[in-house]
1. Would you check which residues across segment 103-118 are within 16 Å of residue 55 (Cβ to Cβ) and either surrounded by 15 or more Cβ atoms within 10 Å (Cβ to Cβ) or without any contact (Cβ under 8 Å) to a residue 24 or more places away in the chain (or both) and list them?
2. Would you check if residue 14 is modelled with pLDDT of 65 or more, under 22 Å from the mean Cα position of the chain (by Cα), more than 19 Å from residue 121 (Cβ to Cβ) and not in a strand (DSSP E or B)?
3. Can you pull out the residues in segment 81-98 that are closer than 14 Å to residue 55 by Cα, surrounded by fewer than 16 Cβ atoms within 10 Å (Cβ to Cβ) and touching a residue at least 24 places away in the same chain (Cβ under 8 Å)?
4. Which of the residues that make up segment 42-79 are over 12 Å from the mean Cα position of the chain (by Cα) and without any contact (Cβ under 8 Å) to a residue 24 or more places away in the chain?
5. Can you tell me which residues in segment 104-127 are within 15 Å of residue 39 (Cα to Cα) and modelled with pLDDT of 95 or more?
6. Please find, among 32, 6, the residue that is modelled with pLDDT under 85, surrounded by 11 or more Cβ atoms within 10 Å (Cβ to Cβ) and not in a strand (DSSP E or B).
């Protein structure tokens, strides 16, 4: 037999719109106020551990025995790729250098630190 589907009546639709508007209001009313924003251009070299649609993670050495990992966001329309045609040609294990913006925002809730890649330079194939 066929399935019976319920159609929203006017009261249900009105309730749904009210809930949506409340969520929208609270989202904007609780936005963090940025007191200060500093942007600094930096560069880091390391091994790709993960690459996604808009993020890349690399490990790098802070000392000869200490390895750290960092997650850096990128915008596919805005990123420059050197020594490869596209970011899809870079894979896990490859050695890259990333020129990125370190964005420090001082908000009501504390400091927020974000990294945004401007250029990814392919150095060599991973071992």
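The values are calculated or read from the model by the stated rules, or taken from the named source; none is laboratory data. These figures come from a predicted structure and were not determined experimentally. Using ideal geometry, Cβ is built from the backbone for each residue, glycine included, and neighbour counts are taken over all protein chains shown.
1. Result: 103, 113, 115, 116, 117, 118.
2. no
3. 91, 92
4. Of everything in segment 42-79, those that are over 12 Å from the mean Cα position of the chain (by Cα) and without any contact (Cβ under 8 Å) to a residue 24 or more places away in the chain turn out to be 59, 60, 61, 62, 63, 64, 65, 66, 67, 68, 69, 77.
5. 115, 116, 117, 118, listed by residue number.
6. 32
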